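Asker: Mind having a look at this structure? Questions to follow.
The values are calculated or read from the model by the stated rules, or taken from the named source; none is laboratory data. Just so we're clear, the structure is a prediction, and the values are computed from it rather than from any experiment. Positions of Cβ are generated from backbone atoms using ideal geometry, with glycine treated the same way; all protein chains shown enter the neighbour counts. Accessible surface is based on the protein model in full, side chains and every heavy atom, while ligands, DNA and RNA are left aside. Shrake-Rupley method; radii C 1.70, N 1.55, O 1.52, S 1.80 Å.
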Amino acid sequence: MNKQLRYVSEPEDKEQFTEQYNRFYTSFAKIYDGVVRVLPFWKRWLKATLPHIQGSRVLEVSFGTGYLLMQYASQFDTYGIDYNARFVTMLQDKLAKADLSAKIQQGNVESLPYEDEYFDSIINTMAFTAYPDGEKAMSEMHRVLKPGGKIVMVDVDYPFDHNRIGVLITRAWIAGGDIVRDMEPLFTKFGFEFTNEEIGGFGSVHLYVAKKP
Ligand SMILES: C[S@@+](CC[C@H](N)C(=O)[O-])C[C@H]1O[C@@H](n2cnc3c(N)ncnc32)[C@H](O)[C@@H]1O
């Protein structure tokens with residue numbers, strides 16, 4: 001990696017990092033919901049996960065506004081977990097209005113309240129960069145995934161070709177406080193077979209499909 005394309009170190013005070021982010025989401029939950037709804041490219045990035053979801057049991061970790069979960073909830077036995085209590089209530093309301101059912105709860109990616117090897121797919125979009133402890137988060141997702149199951153993830157990284165605009169976009173995420181990581185060593189460490197594909201943002205938005213052997 002080019003020396004100027006640096007990744008972000010994890011914060012020392014991980015609890016404080018999560019709480020600070022959480023206060024931000026609580027204040028801006030409604031605005032965030034509106035922003036996702038009107039940004040066609042954001043929706044396109046999230047929907048890039050849809051063809052890769054395998055059932056029957058699907059978990060979305062950090063669903064945020066729930067835009068993506070609402071797209072597939074009718075097709076699978078769907079579970080969702082998010083740290084932010086306001087997002088949880090908002091999604092429960094949306095599901096009830098649409099007459100859809102999914103098991104939605106508040107919780108932390110670092111201690112998922114599910115049995116080992118329970119899910120066929122785990123969806124995670126634009127959220128891994130909000131986790132202060134990447135290994136703990138990955139270890140929990142790995143634990144609750146069945147052998148043969150998939151993590152389908154969308155998140156920010158540098159473009160493969162280091163093009164200027166894509167690099168600037170990635171740096172803007174970092175400046176905003178996101179922990180942009182090289183995901184590949186992390187997937188490798190947990191024994192996943194994975195693909196890494198650029199899906200937008202001048203190469204700064206990546207889709208990872210990681211299979212647990
Ligand atoms: C940038 S938002 C992404 C939301 C949504 N997936 C999307 O793509 O629009 C990050 C989400 O991660 C959630 N989050 C942050 N830390 C978390 C944690 N430790 N455990 C579970 N969710 C967390 C936040 O509450 C928020 O919903």
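Asker: So which pairs qualify, if the first residue must be in segment 58-84 and among the acidic types (D, E), the second must be part of a strand (DSSP E or B) and more than 7 Å from the ligand (Cβ to nearest atom), the Cβ gap must be under 6 Å, and the two must be at least 6 apart or on different chains?
Answerer: Going by the 6 Å Cβ cut-off, the qualifying pairs are E60/G80; E60/I123; D77/R57.
Asker: Checking the condition more than 10 Å from the ligand (Cβ to nearest atom), open to solvent by 50 Å² or more (accessible area, probe 1.4 Å), closer than 22 Å to A48 by Cα and not aliphatic (A, V, I, L, M), which residue from D161, D93, D120 passes? So that I can check it myself, show each step before the final result.
Answerer: Working: D93 fails: closer than 22 Å to A48 by Cα; D120 fails: open to solvent by 50 Å² or more (accessible area, probe 1.4 Å).
Going through D161, D93, D120 in turn, just one is more than 10 Å from the ligand (Cβ to nearest atom), open to solvent by 50 Å² or more (accessible area, probe 1.4 Å), closer than 22 Å to A48 by Cα and not aliphatic (A, V, I, L, M): D161.
Asker: Return yes when G176 is of a type in the set (G, A, S) and open to solvent by less than 30 Å² (accessible area, probe 1.4 Å) and no when it is not.
Answerer: Here the answer is no, as G176 does not meet what is asked.
Asker: Only residues that are open to solvent by less than 80 Å² (accessible area, probe 1.4 Å) and closer than 15 Å to M126 by Cβ: list them for segment 15-28, please. Give the steps one after another, and end with the answer.
Answerer: Taking segment 15-28 as the starting set, the residues that turn out to be open to solvent by less than 80 Å² (accessible area, probe 1.4 Å) are 17-19, 21-22, 25-26.
Of everything in segment 15-28, those that are open to solvent by less than 80 Å² (accessible area, probe 1.4 Å) and closer than 15 Å to M126 by Cβ turn out to be Y21, Y25.
Asker: Now for a different question. Of all the residues that make up segment 179-213, how many are in a helix (DSSP H, G or I), farther than 24 Å from E140 by Cβ and open to solvent by 50 Å² or more (accessible area, probe 1.4 Å)? Don't jump to the end; show me each part of the working.
Answerer: Of all residues in segment 179-213, those in a helix (DSSP H, G or I) come to 183-189, 201-203.
Still in the running and farther than 24 Å from E140 by Cβ: 201-203.
Add one more test, that the residue is open to solvent by 50 Å² or more (accessible area, probe 1.4 Å), and what stays is 202.
Looking only at that region, the number is 1.
Asker: Condition first: over 15 Å from G148 (Cα atoms), open to solvent by 10 Å² or more (accessible area, probe 1.4 Å) and more than 7 Å from the ligand (Cβ to nearest atom). Now tell me which residues in segment 43-69 satisfy that.
Answerer: K43, R44, W45, K47, A48, L50, P51
Asker: Let me ask something else. Does at least one position in segment 36-54 carry a residue that is more than 15 Å from V154 (Cβ to Cβ) and part of a loop (DSSP other than H, G, I, E, B)?
Answerer: Yes, some residue in segment 36-54 is more than 15 Å from V154 (Cβ to Cβ) and part of a loop (DSSP other than H, G, I, E, B).
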